[in-house]
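See structure below.
The values are calculated or read from the model by the stated rules, or taken from the named source; none is laboratory data. Note that the structure is a prediction, hence the values are computed from the model and not measured. For neighbour counting, all protein chains shown are included, and Cβ atoms are generated from backbone atoms with ideal geometry for every residue, glycine included.
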Amino acid sequence: MDFVKTRKDHIKWNIQRNPTDITINRTVKTRVGGGFDEVESNPGPFTVRIYQVSTTETKETNGVIGAKQTNDSWSMLADHEADLKSGTNVEDRFEVSGYGHFVITAVRPQIVMNEIVGYQADLERVG
């Protein structure tokens, strides 16, 4: 039995229960001299499954510019072909009609027999 193919098929089947098409707006910061240069790109589109992990209440953060409401109780499942990134030098964000604006805060590859078969990502909904 091919466990890698089986797991990839399971992930695709799960995504198809409630699919959402997204195109990522990616900003990568690279060090240039004494500062940073920002490069933007748009990987995708990808078909993913977005789901709510818990019913945590929305948090409000007050900053210098104004207030921001966030909710980090969302996650995403993507297949092995998705190009998802998170980290201190990269920001992946996307918009979903009916749900709002999301930022990817963590990406965990799903690995079977040393091969990536999919990704789970933590999301923060920003409003």
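A compact table of results
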{"item": "Entirely in the stretch 48-107, the strands (runs of 3 or more DSSP E) that have 2 or more residues that are modelled with pLDDT under 85", "result": "59-62, 67-79"}
{"item": "Any hit, the stretch 27-38, residues being within 13 Å of Gln120 (Cα to Cα), in contact with a strand residue (DSSP E or B) (Cβ under 6 Å, 6 or more places away or on another chain), surrounded by 12 or more Cβ atoms within 10 Å (Cβ to Cβ) and at pLDDT 90 or above", "result": "no"}
{"item": "Of all residues making up the stretch 83-99, the number that are over 12 Å from the mean Cα position of the chain (by Cα) and more than 18 Å from Gly44 (Cα to Cα)", "result": "4"}
{"item": "Search result, residues across the stretch 4-26 that are touching a Lys or Arg at 6+ places or on another chain (Cβ under 6 Å) and either part of a strand (DSSP E or B) or exposed (fewer than 12 other Cβ atoms within 10 Å of the Cβ) (or both)", "result": "Asn18, Asn25"}
{"item": "Residue list for the stretch 106-125, filter: out of contact with any helix residue (DSSP H, G or I) (no Cβ under 8 Å at 6 or more places or on another chain) and either surrounded by 15 or more Cβ atoms within 10 Å (Cβ to Cβ) or charged (D, E, K, R) (or both)", "result": "Val107, Arg108, Ile116, Tyr119, Gln120, Ala121, Asp122, Leu123, Glu124, Arg125"}
{"item": "Every residue from the stretch 116-127 that is at pLDDT 95 or above and over 13 Å from the mean Cα position of the chain (by Cα)", "result": "Ile116, Val117"}
{"item": "Condition broken by Ile111, with the remaining ones in (1) at negative phi; (2) free of Cβ contacts under 8 Å to residues at least 40 places away in the same chain; (3) assigned to a loop (DSSP other than H, G, I, E, B); (4) not basic (Lys, Arg) satisfied", "result": "(3)"}
